[in-house]
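Here is the structure we will look at.
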Amino acid sequence: MTSAILVVNAGSSSIKFSLFMDRSDTLDLTVRGHVEGLFTAPRFVSKAPDGTVKSEKSWPAGDVLGHAGAIDHIIGHLRSGFGDGSRLLGIGHRVVHGGKAFKAPVRVDARVLSHLEAFIPLAPLHQPHNLAPIRRALERVPDLPQVACFDTSFHRTQPAVAQTFALPAGLREAGVMRYGFHGLSYEYIASVLPAIDPVAANGRTIVLHLGNGASMCALAAGRSVDSTMGFTAVEGLPMGTRSGSLDPGVILYLKDQLAMDARDIEDLIYNKSGLLGVSGISSDMRTLLASEEPQAKLAIDLFVYRIRCWLGALTAALGGLDAVVFTAGIGENSPEIRSRVCSDAGWLGIKMDDAANVAGHERISAGTSRVAVFVVPTNEELMIARHARRLLTQ
Ligand code: AMP
C-alpha cells in the first residue's frame, strides 16, 4: 500500500500544505494548497503539481475559521481522496523554534508539545501558529503521527563561539543565544550538494538564502558552522521588511527618546524596515529593480553591500571558500542580484560566467573561477517530508 506524508507550514493567517507519495526511492509531490485569510475571509484551494485546481472552498467573510478548523478541513479533504488504497502515514510540521534541546526533528506527543510551547517567548510571532495545527491534530486524529521539523536544529552543529553572544553567562543559560534559522532550507541544499559538486559538498560553502526572509549560512562539509541569523530571524541581512542587524543602541534610543514601546519596535523592525523601509516603495525585489527612484537603488545597494560584508565574515569563519550557492526567491530568480554579489566578491576568487547566470544554469561560475558558484532551488517541504518518513518508518 502506498503511504503519503502531509507537510504543513502554518503562519499567522494561512496554512500551506503539500502531500508527498512515498515511492520508496522518491517522495513525489502530488497535491499542494493552502487555506488563506484565516479569521477574515478564509479560502481553501488544493492543486495538482502542474497548478491545476483540484478543489476550492470559501467560507463566509468574517467566519472565524482559525488554524484548528483549517487543519480539520485539510486532513478531511486529503483523507477523502485516499480511495485508491494509499494511506496517510503522518504529518510533518514546520516549526520555527526547537530551542537548545531539539537538535533534530521529533515525533510529537503531549509532552513534547508542551516543551515546544515553552519556546513561544523566543518566537512569539511564529511558534504559536506553528503549534496550533499540531495541538488540534493530536486531539482530533490521535492515531495520525505528528513530526515537528525545526528551522533552528540544523545550526546546533555550530561551534560555541558562533552560538554565543558576549553577554553574561547566565543569560545564555536562560536561552539568550544565537539559534540560526532557515535550517530546513540549508539542510536541503546540503543534502543535494553531493550530487551537484563533491567539492561544494565536502568543502567550505556559503549558502545565500535570499527570499523575503534572507540569511546566509557557512557550511563545512555540509554542516552549519555559522549563520547570519541569531537569536531571532531579524539578525543579519536586511530583508523584505525586516531590518537585519542593528546597533542595539538604536533600540534603546527608540524606546527612551522616541517613546516607542516593545510592540512598536517589533512592528518597525519586522514589518516596516528592510527593502520596504529604506525604499519607501516596496519589499519586493522585482519592483525595486524596475524602479528609477534613488531610494529603491539605495535599498538594493544596501542589500548587496551587507551580503558582500557577510561573505567576507563567513569566509573568515570557514577559513577559506570553495563554493557559493544562491537559493530562495531572489537567489533563484534574479540574475542581476547574483551578478552584483559575485562581482563584489571578485577578491574572494569568484568569477561569474555571465551567460550561464542569465540563462539560469545550475553552475554559474566561469571555468577559471577559484570558487564555484551554483543556483540551487530550495525545497523545505521535501526536507520535512523526508524527516517525517524517516521518523515514522523506523
Ligand atoms: P521567497 O520568500 O523565497 O518566496 O522570495 C520572495 C522574494 O523573491 C520577493 O522579494 C521577490 O521580490 C523575489 N523574487 C522573485 N522572483 C524574482 C525575480 N525574478 N527577480 C528578483 N526578485 C525576485
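The values are calculated or read from the model by the stated rules, or taken from the named source; none is laboratory data. The shown structure was predicted, so the numbers you read here are calculated from the model rather than taken from an experiment. So basically every Cβ, Gly included, is an ideal-geometry build from the backbone, and we count neighbours across all protein chains shown.
List of remarks:
- Helices (runs of 4 or more DSSP H) wholly inside region 150-232 containing at least 2 residues that are of a type in the set (S, T, N, Q): 183-196
- Residues that are more than 16 Å from the ligand (Cβ to nearest atom) and crowded, with 20+ Cβ neighbours inside 10 Å, drawn from region 233-250: E235
- Among the numbered conditions (1) over 22 Å from T164 (Cα atoms); (2) in a strand (DSSP E or B); (3) of a type in the set (V, I, T), the only one that I265 does not meet is (2).
- Of all residues in region 165-188, those being surrounded by 15 or more Cβ atoms within 10 Å (Cβ to Cβ) and either under 12 Å from the mean Cα position of the chain (by Cα) or without any contact (Cβ under 8 Å) to a residue 40 or more places away in the chain (or both) number 10.
- For region 371-394, a tally of residues being touching a Cys at 6+ places or on another chain (Cβ under 8 Å), in a helix (DSSP H, G or I) and among the β-branched types (V, I, T) returns 1.
- Flag for H73 being surrounded by 15 or more Cβ atoms within 10 Å (Cβ to Cβ) and over 24 Å from the mean Cα position of the chain (by Cα): yes
- Residues satisfying the stated conditions in region 126-141, i.e. in contact (Cβ under 8 Å) with a residue 60 or more places away in the chain and loosely packed, with under 15 Cβ neighbours inside 10 Å: R140
- Enumeration of residues in region 319-330 that are surrounded by 18 or more Cβ atoms within 10 Å (Cβ to Cβ) and either without any contact (Cβ under 8 Å) to a residue 40 or more places away in the chain or over 22 Å from the mean Cα position of the chain (by Cα) (or both): L321, D322
- The residues in region 174-214 that are within 15 Å of the ligand (Cβ to nearest atom) and within 23 Å of R363 (Cβ to Cβ) can be counted, and the count is 11.
- Check on D322, at pLDDT below 95 and more than 17 Å from N212 (Cβ to Cβ): no
- Those helices (runs of 4 or more DSSP H) of region 272-370 in which at least 2 residues are more than 11 Å from the ligand (Cβ to nearest atom), considering only elements entirely within it, cover 274-279, 294-318, 335-344, 354-359.
- Lone unmet requirement of (1) closer than 21 Å to M21 by Cβ; (2) of a type in the set (D, E, K, R); (3) free of Cβ contacts under 8 Å to residues at least 24 places away in the same chain for R111: (1)
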